[in-house]
1. Here's a check for you: in region 175-206, which residue that is small (Gly, Ala, Ser) and buried (at least 20 other Cβ atoms within 10 Å of the Cβ) is farthest from the chain's Cα centre (by Cα)?
2. Can you pull out the residues in region 382-415 that are touching a Pro at 6+ places or on another chain (Cβ under 7 Å) and assigned to a loop (DSSP other than H, G, I, E, B)?
3. Output the residues belonging to region 133-147 that are touching a residue at least 40 places away in the same chain (Cβ under 8 Å) and charged (D, E, K, R).
4. Scan region 497-524 for residues that are within 50 Å of the chain's Cα centre (by Cα), over 22 Å from Leu463 (Cβ atoms) and hydrophobic (A, V, I, L, M, F, W, C) and jot them down.
5. List the number of the failed condition for Phe649; all other conditions in (1) outside any helix (DSSP H, G or I); (2) without any contact (Cβ under 8 Å) to a residue 12 or more places away in the chain hold.
6. Of the residues Asp528, Asp558, only one is over 30 Å from Gly417 (Cα atoms), surrounded by fewer than 19 Cβ atoms within 10 Å (Cβ to Cβ) and not basic (Lys, Arg); which?
7. How about region 306-332: which of its residues are part of a strand (DSSP E or B) and surrounded by fewer than 19 Cβ atoms within 10 Å (Cβ to Cβ)?
8. Mind listing whichever residues of region 108-121 are buried (at least 18 other Cβ atoms within 10 Å of the Cβ) and either among the aliphatic types (A, V, I, L, M) or farther than 30 Å from Thr189 by Cα (or both)?
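Only the coordinates and a few stated rules stand behind these numbers; no lab work does. For clarity, every value in this text was computed on a predicted model and none was experimentally measured. Every residue, glycine among them, receives a Cβ derived from its backbone with ideal geometry; neighbour counts consider all protein chains shown.
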Amino acid sequence: MQQQRRTMRLERGERVQAVCVLGTYISIDINEAAPLDCRWFSMRHSQNIEAEILNSDAAKQKVINGEKLWPLSSKTLVELHMNAPSTETNDGKITFAFYGPGSDAPVDKAGVYLTGVGISLDVDADRDGVVEKNNPKKASWTWGPDGQGAILLVNCDKDSLFSRTVDGGDDIMFSKEDLLDMSRMVLRTCGPEKLPTGYQLLLYISVSDSENLGVFHYRNKMYSHVLGRRKLFYKARYTGTNELEFFVEGLRFPDEGYNGLVSIKVSLLESTLEGVPETPIFTDVITFRVAPLIITPNTLEPVEVYVCSVKDNYLFLKEIKSLVSEANYKIKICFENVNRGDRWMQDEMEFGYIHAPHKSFPVVLDSPRDGELKDFPIKELVGPDFGYVTKVASSKEVTSLDSFGNLEVSPPVTVHGKKYPLGRILIGSSFPTTSGRRMTKVVRDFLHAQRVQAPIELFTDWLLVGHVDEFMTFVPTSDKKGFRLLLASPVACYRVFRQKKQEGFGDATMFQGLETKRWTITKILSTDIILKENNYVQQCIDWNRDILKQELGLTEDDIIDIPALFKLDAKGRAISFFPNMVNMIVLGKDLGIPKPYGPVIEETCCLEDHVVSLLKPFELKCTFIDDVVSYHKKLGEVHCGTNVRRKPFTFKWWEMEEP
């Protein structure tokens, strides 16, 4: 932080009063204050002042009556500062005497009474969880393991039953627990018990930042809202050597037009005449960056599974509960009085978290789809240390692509030497040269503004529903790579079927016990329209395969092809021909995979056997869940009907190289 300097004017024949903030320098134009015929000056000062004479010819100094005199020039300055806080007002003294040519006695005098005061607005700028004193880099914000600058959480949880909204939604503090979500800011002062008359400490923020942060301070036996929204300044009490504690909350996540940086300033104001506006003689600045929302990928360890109970999914629910229980995780069931028949838990919300050195908690991102599940996140999840954020879009803009089955995150990757330690967001969109469906702009802008998980847009408009989870997922592995990308693959399905036919199982049938229409391996292989439609689908998936390889730095060894078949509707958009196995729930090493009802050969499904063999080397356990009636026939699968809150990354987002 640069040392602050200010210019001060002397009054001939007078001794003016001033406050000197420790660490700042006062510059005095000596020639301006000298009588016209004076050519020399002397200077005396108290021990708590250090002064330096500039632009005076030291070789021409002389001594008269034991007093050292310096020659005056048009550019002669004295630069001074105080080396300690004052114990009482005006205990710093400096006197200038002016001499005419040939004079043995001063023609006139001028002086200054100085009061030394320490002022420091402090935050946790080195990100160790402790508010240090006067960090020189507290006014700026930098990324990286050696970066500096404080961090602010959006106060989006709900610590009190009395609050009608999330905590940052009002200017009231109902609970002291709310303070724990905020970042501490300390105004430290040292000096005499009182400032000289005419001086005032002022905390203030810009109009633009007033909508992005709030500040609370303990006064009159309660925590009062002193800055934020309509409150742009606060006159702080100066009480000598003391610390005033403030608590700062973020009100908005980074977004389009808002980079998440906010600043708070404290100034010492000086008023020389009554009725004349005060002027700042010292300003200290601190800068916060609002913590981004970080969305968690499948590969992080689960904490809790969410699923709906609706009238026709009893068997599905039973299998999910069994899977979750066996994997030893928690489950939360949303019943019909809340879901009102809306079973698509994945589409309604996405889980993430926010993190600062002093605190971290989960946050649910509510999608703009606003189905019958729309009340679940805000009414059933939000509470103490569980936050909420949503992006509102016009109902005319919202499409199926705004459901969060269309929002996934890759595991951490390194691409051409650039590290993405928190992975990259994946969203589905239309083909670059068409005017098809696309995730609404307010959501895309929000995701990009978080910066730490640089989004990638994939091509999903070829699907009827249009979600990325319909053709891809990530699973964790214990090898060096740490994960594999699973891609739906008609080519892989045809390869399995051709092999089985060659082995003499061409008459093996799919959908046993489900449909009257008899689909044998031979019939599927010989039906030209199915082949042509799946050639098109494979081209669409391959387009995305190439994007994923390029943008995530993947090789073919990092990808596993999972057999899948699709069919096109009247408008040429694809839906799954049989339950889509990549649309699975990932619970560590336990996978809940849609039961494909593939051809049964020697009492087992050949598609299930194939997937098990593909994933067995990675110690992944496959459990096949029957979702045909309750989800598949309604154009979704296991992943669409479930959601998982996961543990956060251990990596600290602020230690990223600047994204």
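1. Residues of region 175-206 that are small (Gly, Ala, Ser), as a first pass: 175, 183, 191, 198, 206.
Within this subset, residues satisfying the condition of being buried (at least 20 other Cβ atoms within 10 Å of the Cβ) are 183, 191.
Details: Ser183: 15, Gly191: 39 Å.
Top of the filtered list is Gly191.
2. Lys391, Val392, Ala393, Val398, Ser410, Pro411, Pro412
3. Lys133, Lys137, Lys138
4. Phe497, Leu514
5. Here Phe649 clears every test but (2).
6. Values: Asp558 fails: over 30 Å from Gly417 (Cα atoms).
Every option except Asp528 fails the conditions.
7. Within region 306-332, Lys330, Ile331, Lys332 meet the criteria.
8. Ala110, Val112, Leu114, Val117, Ile119, Leu121 - these are the residues of region 108-121 that are buried (at least 18 other Cβ atoms within 10 Å of the Cβ) and either among the aliphatic types (A, V, I, L, M) or farther than 30 Å from Thr189 by Cα (or both).
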